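What follows is a single structure, written as structure tokens, with notes after it.
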């Protein structure tokens, strides 16, 4: 994030905890909403008061911060050739990694459902950047 003050560019960042907390809420909302809408194609185990949904959100956040930048750099030529249409497939790959790690507690059946969930996660990330992060920075609460 950048703010221009009197000809100067000042770079402002949100604290790591706020970034983590906001993303956890967003990922959890997306995962719960998609699992409620598409009951036969995505499954999140509700035992232990939704612990597995939280674990899935934490894994998605961790993989987005660690593996996703590497995948973006490695697939940059393919993303450029497809004019950016390959970019959501990186999220599909991350969702499949989470599905593999959590096993029976988090299951996505089919590539089409993984594409839909990755598109919803991308939309959620854009909305968080536009509405939440910009609002925090404008009000000076970062």
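The values are calculated or read from the model by the stated rules, or taken from the named source; none is laboratory data. As the structure is a computational prediction, the values presented were derived from the model and not from experiment. Reconstructed Cβ throughout: ideal geometry from the backbone, glycine too, with neighbour counts over all protein chains shown.
Here are a few things to note about the model shown:
- Looking across segment 80-105, the residues that are modelled with pLDDT under 90 and outside any helix (DSSP H, G or I) come down to 84, 85, 86.
- Any hit, segment 122-131, residues being surrounded by 14 or more Cβ atoms within 10 Å (Cβ to Cβ), within 18 Å of residue 27 (Cβ to Cβ) and at pLDDT 85 or above: yes
- Taking the numbered list (1) surrounded by 15 or more Cβ atoms within 10 Å (Cβ to Cβ); (2) touching a residue at least 24 places away in the same chain (Cβ under 8 Å); (3) assigned to a helix (DSSP H, G or I) in turn, residue 29 passes all entries but (1).
- Criterion: on the phi < 0 side of the Ramachandran plot, surrounded by 16 or more Cβ atoms within 10 Å (Cβ to Cβ), at pLDDT 90 or above and touching a helix residue (DSSP H, G or I) at 6+ places or on another chain (Cβ under 8 Å) - qualifying residue of 67, 58: 58
- In segment 37-48, the residues that are assigned to a helix (DSSP H, G or I) and either modelled with pLDDT under 85 or more than 23 Å from residue 127 (Cβ to Cβ) (or both): 47, 48
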